[in-house]
Every structure is written in C-alpha cells, then in structure tokens.
Amino acid sequence: MLSVEQIYLSPGHNFIGHHGRSPSAHATVAVQTAEAVAGRGLRGDRFFDYRPDYKGQLTLFAADVFTQLRAAFSLPDASPAALRRNLLVRGPNLNALIGVEFELQGLRLAGIEECRPCYWMDTVLAPGAEEWLRGRGGLRCRILTSGWLACDCR
C-alpha cells in the first residue's frame, strides 16, 4: 500500500519548452491536500488539462529513492520539490505499477510509464543525477476517478 508523504503542485512549466534556454522559476509548492480530477489531473497544477488523455496527469516519486539520491550525491539539504513530481510516496516499487490499475486513498489510478528523468536533473540536483535516476525516476499515472488526496505527513 502506498502512503503519501508530500503533495506538490506547480502552476507553470519550468523545463518544457525551455530547451537551449534557462528554466522558468515557477515554484513547486507543498500542499496538504489536492483535488484529483479524472482524466484531467490535479487542480492547480501545470499539467491540469495539459492534453486530452495525458499520461502524466499525476506523477509519483519514491521517498526511499530520494533518500538514496541525496546520499549518492551528498545533497543533505535537497528537497524532493526539485524533482517536480506531484507525490512523494512510500510503498511498493513504483515500476511494478506500470501497466496496472491501482488505488490510492480511494482514487483509481492507472500506472502508465516511468516518469523518465531529463537532462535538467543535472542542473537542479547535481551533475550525473539524470543518469542515476534512470529506471527510478517515478511513475506517470492517469487519474481514473475523481477525489481528494491528503498528505500522510508526520
């Protein structure tokens, strides 16, 4: 079972459409709750209504992988917000959910594919982060039922 450690929303794209230019500076904001709308995304996030049937309506990242990343690159102060994924979660291996419908806090989700890291990870985290994250960059999901997500924050 997955637990939600943190929820992040960002109103704008920092990297998409910025190839060869500097990234934008839209903040990734930690929130306690977020409204998930079936087929559309998280209300208030940059990917809400991004494209019809978009495969990344909700993105997940594993908290244990983030802990390993911080250790591997000596980044004790790094924030998971830098990854720009919507949910920081604990639980089963996210790659095992690719091609699977599953439930999270009463919502039905479809795991679509790995949320592959891009070259911007080397800029926002550390050189080599993109390569290190390959195969463990998170999970892109489609939202199948609407509802609310809440942080299981401790």
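Numerical summary
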read-out: Residue in the stretch 25-36 that is in a strand (DSSP E or B), open to solvent by 40 Å² or more (accessible area, probe 1.4 Å), modelled with pLDDT under 90 and hydrophobic (A, V, I, L, M, F, W, C) present; value: yes
read-out: Any chance G39 is part of a loop (DSSP other than H, G, I, E, B), at pLDDT 95 or above and over 12 Å from the mean Cα position of the chain (by Cα); value: yes
read-out: In the stretch 99-154, the residues that are surrounded by fewer than 18 Cβ atoms within 10 Å (Cβ to Cβ), among the basic types (K, R) and either at pLDDT below 95 or part of a helix (DSSP H, G or I) (or both); value: R116, R134, R154
read-out: Residue count, the stretch 42-77 (criterion: under 15 Å from L139 (Cβ atoms) and in a helix (DSSP H, G or I)); value: 4
read-out: Any hit, the stretch 89-98, residues being part of a loop (DSSP other than H, G, I, E, B), under 18 Å from R142 (Cβ atoms) and either modelled with pLDDT under 90 or more than 14 Å from the chain's Cα centre (by Cα) (or both); value: yes
read-out: Hits in the stretch 75-114 - residues which are within 19 Å of E131 (Cα to Cα), in contact (Cβ under 8 Å) with a residue 12 or more places away in the chain and out of contact with any strand residue (DSSP E or B) (no Cβ under 8 Å at 6 or more places or on another chain); value: L75, A78, A82
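The values are calculated or read from the model by the stated rules, or taken from the named source; none is laboratory data. Quick caveat, the model's predicted, so the values are computed rather than measured. All Cβ positions, glycine included, derive from the backbone under ideal geometry; neighbour counts span all protein chains shown. Surface areas here come from the heavy atoms of the whole protein model, side chains and all, with no ligands, DNA or RNA. Shrake-Rupley method; radii C 1.70, N 1.55, O 1.52, S 1.80 Å.
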